[in-house]
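Chemist: Below is one structure. I have some questions about it.
The values are calculated or read from the model by the stated rules, or taken from the named source; none is laboratory data. Just so it is clear, the structure is predicted and the values come from calculations on it, not from any experiment. Glycine also receives a Cβ, built like all others from the backbone with ideal geometry; neighbour counts cover every protein chain displayed. Accessible surface is based on the protein model in full, side chains and every heavy atom, while ligands, DNA and RNA are left aside. Shrake-Rupley method; radii C 1.70, N 1.55, O 1.52, S 1.80 Å.
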Amino acid sequence: STISKDSLQTSLLHLECHFTWTLLKKHVSLEALEETILDHIKFMAEYEIRDYNLLSYVNYLKNSYEEALRSLKKAEEAIQKRHPDEIDRRSLVTWGNYAWIYYHMQRYEEAQTYVSKVENSCKKLSSTAHGKIQLPEIYAEQGWALLRFGRNYFERAMNCFENALRSEPNNSDFSAGYATAMYRLEGDTQWYGGDTRPCLEALKRAVELNPTDTTVMALLALELQRLHRANEGERYIEEGLQRTPDFPIFLRHAANFYRKKGKVNKAVEILKKALALTPKSVVLHHQLGLCYRFKVLQLKKTRYPPREEMENLIELAVFHFKTVIDKKPVFFSAYSDLAKTYAIDKRHEEAEEIYQKVLQRNDLACDEKQDIYFNYGYFQQFHMKSESKAIKYYIECLKIEIDSYPRKRSSEAVETLLKQKIESGLGDATDIGTLGLVHKLNGKKQEAIECYEEAIALDPNNEEYLNALTELRLSI
């Protein structure tokens with residue numbers, strides 16, 4: 001081939017498309033992502049161009065190159081239908097993906113053809129651009145793709161939509177993306193810690209710009225609920241149910257709203273309707289599992305829990321959570337959800353097996369690890385009645401510095417356990433030393449020093465305590 005592979009590679013890296021946006025395979029389950037995109041195309045045809053572009057990249061990640069080319073063909077047809085006057089401008093991402101896929105198929109001539117198409121279009125659109133042009137709709141397309149790849153990408157997604165809005169502050173699509181990214185980020189920081197940026201204003205703005213977008217309307221309702229203004233939020237949910245009664249993405253959020261409000265039967269009814277429309281949706285299975293588990297816990301509190309009904313609900317919850325893990329192994333909170341369901345039913349071996357399965361994974365983010373460690377510690381303490389194992393895992397949680405809800409709970413739990421033991425006179429040097437470690441991990445240096453001194457008085461030759469004490473004294 002006359003085309004030098006090196007110069008082709010250099011040009012490819014300049015393109016703005018899914019292949020240059022660092023969307024990593026390890027953060028998603030390709031099957032589940034593909035289902036989500038196909039459902040989205042079915043119910044949200046107006047976004048089919050970017051959905052087919054993303055689908056081509058997912059096909060590529062699955063090594064289905066021919067399928068990837070077919071997806072891009074569909075994107076092209078949609079561009080011709082929807083933007084007949086702006087084909088060049090609207091095709092930049094699609095052509096970029098074509099170039100990369102042909103390159104990976106070692107069809108370098110065709111790859112070069114598409115690189116040239118992009119470069120020529122960019123020249124036409126802007127005299128300075130060389131295969132790269134900062135168009136707001138490309139920023140937005142990148143933002144939506146990032147949101148699809150999960151929580152590691154929310155921050156970047158928000159920045160993309162921010163860039164897009166700079167050029168077009170009143171664009172309802174960019175506004176919806178920006179508000180969605182902020183909403184997701186806030187949900188994450190509430191649980192996992194970090195700085196919150198209030199997203200209420202962004203959501204209100206998005207609803208104002210597009211009052212027919214019931215997805216954003218539902219997120220606004222959920223945000224109001226988070227702010228303890230659920231009655232205000234419910235009006236938006238009711239309006240959404242009127243406007244789009246058969247739109248599964250909205251229904252999922254509506255169900256979430258009712259579940260959090262404690263109207264679990266209503267949530268189940270809505271989720272079943274949504275599941276009938278999109279039977280493969282992992283999120284719906286997860287939500288149903290949460291609803292059934294909630295119902296089990298409610299019945300458990302009654303004076304004479306109806307055994308058969310409880311068993312039915314437990315089976316349902318287990319079925320839905322198992323479905324989630326099978327279809328999307330990176331849905332990490334679902335492992336704890338499944339294990340907790342087994343634990344309610346005293347199926348401790350099965351719970352243990354699920355915890356081991358998730359503890360052995362090496363692709364957990366630090367804050368997800370904290371969550372698992374806390375839940376496993378809790379399981380050991382209250383279900384297995386093993387204080388020593390509980391203490392061990394609560395401390396594993398504390399060793400991860402991120403300030404989160406699970407870390408706070410682990411800290412309280414382990415302090416209580418150790419203090420009870422020490423105050424009842426059953427505590428030995430190890431317990432006092434461990435409490436010293438807890439204080440140290442929580443940044444309470446003075447308390448830590450006192451514990452280590454006390455532990456050393458009981459166990460004078462303990463290297464670990466002596467070293468910890470020296471280190472603490474030096475750091476003050």
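Chemist: Suppose we filter region 291-312 for residues that are open to solvent by less than 20 Å² (accessible area, probe 1.4 Å) and either out of contact with any helix residue (DSSP H, G or I) (no Cβ under 9 Å at 6 or more places or on another chain) or farther than 25 Å from His253 by Cα (or both); how many remain?
Modeler: 1
Chemist: Continuing with the same structure: Checking Ile270 against (1) at negative phi; (2) assigned to a loop (DSSP other than H, G, I, E, B), which single condition isn't satisfied?
Modeler: That leaves (2) as the condition not met.
Chemist: Just give me the residues in region 201-218 being in contact (Cβ under 8 Å) with a residue 12 or more places away in the chain and open to solvent by 10 Å² or more (accessible area, probe 1.4 Å), in sequence order.
Modeler: Ala202, Lys204, Arg205, Val207, Leu209, Asn210, Thr212, Asp213, Thr215
Chemist: Looking at Leu69, is it open to solvent by 10 Å² or more (accessible area, probe 1.4 Å), over 23 Å from Cys160 (Cβ atoms), without any contact (Cβ under 8 Å) to a residue 24 or more places away in the chain and among the hydrophobic types (A, V, I, L, M, F, W, C)?
Modeler: No.
Chemist: Restricting attention to region 160-210, which residues are outside any helix (DSSP H, G or I), at pLDDT 95 or above and either within 17 Å of Leu135 (Cβ to Cβ) or hydrophobic (A, V, I, L, M, F, W, C) (or both)?
Modeler: Result: Glu168, Pro169, Asn170, Asn171.
Chemist: Looking only at region 77-116, count how many residues are assigned to a helix (DSSP H, G or I), closer than 20 Å to Leu12 by Cα and more than 30 Å from the chain's Cα centre (by Cα). Give the steps one after another, and end with the answer.
Modeler: First pass over region 77-116, keeping only residues assigned to a helix (DSSP H, G or I): 77-82, 87-90, 92-104, 108-116.
Keeping just the survivors that are closer than 20 Å to Leu12 by Cα gives 88-90, 92-104, 108-116.
Among the residues that remain, those that are also more than 30 Å from the chain's Cα centre (by Cα) are: 88-89, 99, 102-103, 108-116.
Summing the residues that are assigned to a helix (DSSP H, G or I), closer than 20 Å to Leu12 by Cα and more than 30 Å from the chain's Cα centre (by Cα) in region 77-116 gives 14.
Chemist: Residue check, Arg235 against (1) free of Cβ contacts under 8 Å to residues at least 24 places away in the same chain; (2) of a type in the set (Lys, Arg); (3) open to solvent by less than 70 Å² (accessible area, probe 1.4 Å), all met but one. Which one?
Modeler: Going through the list (1) free of Cβ contacts under 8 Å to residues at least 24 places away in the same chain; (2) of a type in the set (Lys, Arg); (3) open to solvent by less than 70 Å² (accessible area, probe 1.4 Å), Arg235 breaks only (3).
Chemist: Also, quick follow-up: Quick check on Phe374: is it open to solvent by 20 Å² or more (accessible area, probe 1.4 Å) and within 26 Å of His439 (Cβ to Cβ)?
Modeler: no
Chemist: Do any helices (runs of 4 or more DSSP H) entirely within region 340-413 hold 2 or more residues that are modelled with pLDDT under 95, and if so, which? Before the answer, list the steps.
Modeler: On the way: elements: 348-359, 366-382, 387-399.
Because the criterion is at least 2 residues that are modelled with pLDDT under 95, the helices (runs of 4 or more DSSP H) in region 340-413 that meet it are 366-382.
Chemist: Still on this structure, I have one more. I'm checking my understanding of the structure. Among residues of region 14-59 that are small (Gly, Ala, Ser) and assigned to a helix (DSSP H, G or I), which one is surrounded by the most Cβ atoms within 10 Å (Cβ to Cβ)?
Modeler: Top of the filtered list is Ser56.
Chemist: State whether one or more residues within region 313-326 are part of a helix (DSSP H, G or I), closer than 30 Å to Asn442 by Cβ, open to solvent by 50 Å² or more (accessible area, probe 1.4 Å) and not aromatic (Phe, Trp, Tyr).
Modeler: Looking only at region 313-326, we keep the residues that are part of a helix (DSSP H, G or I), and these are 313-326.
Restricting the remaining residues to those that are closer than 30 Å to Asn442 by Cβ gives none.
No, there is no match, as no residue in region 313-326 is part of a helix (DSSP H, G or I), closer than 30 Å to Asn442 by Cβ, open to solvent by 50 Å² or more (accessible area, probe 1.4 Å) and not aromatic (Phe, Trp, Tyr).
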